[in-house]
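Written below as C-alpha cells is the structure these notes are about.
The values are calculated or read from the model by the stated rules, or taken from the named source; none is laboratory data. Values in this document were obtained by computation on a predicted structure and should not be read as measured data. FYI the Cβ positions are ideal-geometry reconstructions off the backbone, even for glycines, and counts take in every protein chain you see. SASA here: full protein model, heavy atoms, side chains in, ligands and nucleic acids out. Shrake-Rupley method; radii C 1.70, N 1.55, O 1.52, S 1.80 Å.
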Amino acid sequence: MDKRAKFTVCAAGIFVCYFFYGILQEKITRGTYGTQGEKFTYSLSLVFVQCVVNYVFARVILKAFPEESADTTRPTYYAISAITYLSAMIFSNMALQWVNYPTQVVAKSGKPIPVMILGVLLGRKSYPLKKYLFVLLVVIGVSLFMFKDGKSKSSQSESSILGLGEILLILSLTMDGITGAVQERMRSESKTKSGHMMVNMNLWSMLFLGVALISTGQIFDFISFVQRYPYIVMQLLLFSAFSALGQFFIFWTVSDFGPLPCSIVTTTRKFFTVLASVIFFGNPMLTRQWIATVIVFIGLFLDSFYGKQSVKSK
C-alpha cells in the first residue's frame, strides 16, 4: 500500500473508532443507573477493562498476522511508556477538579509540542524549523476552535495564573512527550512493530492498574456495581472494542510514521468531530471558529506537503 494511502487509512481508523469511543465513554460515565440515579465513578476499572480487551485483541492480531521479525525492544521501554501513558491520563482527569473541561481540551491540544521537544531531547529526532511552525499552526487553530467564550465556572485557582489544575495539565503534557520520545527510541533502535507495541504496552498497563485497583479496593466496588447493573457489560464491551480498534490504528501510525504524526491526528480528531457536528446538525459557528478552521487546514496542508522533509533520527 502507498505510504500516503496507509496514513489516510490509519487516520480514518483513529477518527471513526474514537468517535464512537467518545460517545460510549460519555454514555457510561455521565449516565445514571437504577432508580437512585447512581453514577459510574470507577475510572481506573474502566481503563483496566480497556487494557485487557486491547491486550486480547492485540494477541489475536499477532497470532493471525505474525510479525516478520522477533521483538527485540527492551522491556524497560515498554514499562516506561506504559506508566507515562497512564500518568498522562490520570493527571489530565485529575486536573478537571480545578479547571473546566474546555481548559483541559485546549491544553491537551498542545500535545504535539512536547512530543516534538522531548522527541528531540530524548528520542534523538531532528526536525526542520518549518516543521515546528506547521505543527504550531495546527495547535493554535485547534486551541482557538475549542476555546469556549464566557467566564469559567471553576473556582479556587481561577484568580491565579498557574493553579494546581494547570500544573497537572503541564505534567500530563510532559508525560505525553516522554511517551512519544520513548516510542521514538523503540522505532529507531529496535524497529518495534505495532503488534508488539500494542501487546506489551497493554500488558504493562494492566500490571500497573491491577496493583492500583487492589491497593485502593476499587476493583471490588466495580464488581459490585456490575452485579447491580449487568446491562452495563454490553456497553463496556462495545466501548473496549472501539478502544482496541482505535489503539490498533494508533500503534500502526506510531510504528510506521512516528509519534508526532500520530499526535497531530489525535489532536485534530477533536476538531473534526466538532466540525462534523456543525456540518451535519447545523450547529452555528462563531467567526473565531471559522478563522480557526482555516488555520488548522493551512497547517495540515503545509505539513502534509512541506513538513515531511529532513525529519530524521540522530
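Of all residues being open to solvent by 10 Å² or more (accessible area, probe 1.4 Å) and assigned to a helix (DSSP H, G or I) in the range 93-106, which is modelled with the highest pLDDT? Just the residue, please.
Among residues in the range 93-106 that are open to solvent by 10 Å² or more (accessible area, probe 1.4 Å) and assigned to a helix (DSSP H, G or I), the one modelled with the highest pLDDT is 94.
Give me a count of the residues in the range 170-183 that are open to solvent by 10 Å² or more (accessible area, probe 1.4 Å), touching a helix residue (DSSP H, G or I) at 6+ places or on another chain (Cβ under 6 Å) and not polar (S, T, N, Q).
Qualifying residue count for the region: 6.
Name the residues in the range 113-132 that are of a type in the set (Val, Ile, Thr) and open to solvent by less than 30 Å² (accessible area, probe 1.4 Å), would you?
Looking only at the range 113-132, we keep the residues that are of a type in the set (Val, Ile, Thr), and these are 113, 115, 117, 120.
Result: 115, single match.
Are there any pairs, at least 6 apart or on different chains, whose C-beta atoms fall under 7 Å, with the first in the range 32-53 and touching a residue at least 60 places away in the same chain (Cβ under 8 Å) and the second in a helix (DSSP H, G or I) and hydroxyl-bearing (Ser, Thr, Tyr), and if so, which?
40/29; 49/240; 50/240; 50/243; 51/205; 53/240; 53/243
List pairs: first residue in the range 14-30 and of a type in the set (Ser, Thr, Tyr), second residue in a helix (DSSP H, G or I) and open to solvent by less than 80 Å² (accessible area, probe 1.4 Å) anywhere in the structure, Cβ distance under 7 angstrom, at least six positions apart or on different chains.
So the pair list comes out as 18/246; 18/269; 21/239; 21/242; 21/243; 21/246.
Restricting to the range 213-261, what's the tally of residues that are free of Cβ contacts under 8 Å to residues at least 60 places away in the same chain and of a type outside the set (Phe, Trp, Tyr)?
10
Just to be sure, is residue 209 open to solvent by less than 20 Å² (accessible area, probe 1.4 Å), part of a helix (DSSP H, G or I), under 21 Å from residue 244 (Cα atoms) and not basic (Lys, Arg)? Break it down stepwise before answering.
On the way: open to solvent by less than 20 Å² (accessible area, probe 1.4 Å): yes; part of a helix (DSSP H, G or I): yes; under 21 Å from residue 244 (Cα atoms): yes; not basic (Lys, Arg): yes.
The answer is yes for residue 209.
Here are 295, 279, 232, 264: which of them is at pLDDT below 90 and surrounded by fewer than 18 Cβ atoms within 10 Å (Cβ to Cβ)?
279
Within the range 135-151, is there a residue that is assigned to a loop (DSSP other than H, G, I, E, B), in contact with a helix residue (DSSP H, G or I) (Cβ under 6 Å, 6 or more places away or on another chain) and modelled with pLDDT of 75 or more?
No, the range 135-151 contains no residue that is assigned to a loop (DSSP other than H, G, I, E, B), in contact with a helix residue (DSSP H, G or I) (Cβ under 6 Å, 6 or more places away or on another chain) and modelled with pLDDT of 75 or more.
Looking only at residues in the range 152-165 that are at pLDDT 65 or above and small (Gly, Ala, Ser), which one is surrounded by the most Cβ atoms within 10 Å (Cβ to Cβ)?
165
Restricting attention to the range 14-67, report how many residues are in a loop (DSSP other than H, G, I, E, B), open to solvent by 60 Å² or more (accessible area, probe 1.4 Å) and of a type in the set (A, V, I, L, M, F, W, C).
Residues in the range 14-67 being in a loop (DSSP other than H, G, I, E, B), open to solvent by 60 Å² or more (accessible area, probe 1.4 Å) and of a type in the set (A, V, I, L, M, F, W, C): 1 in total.
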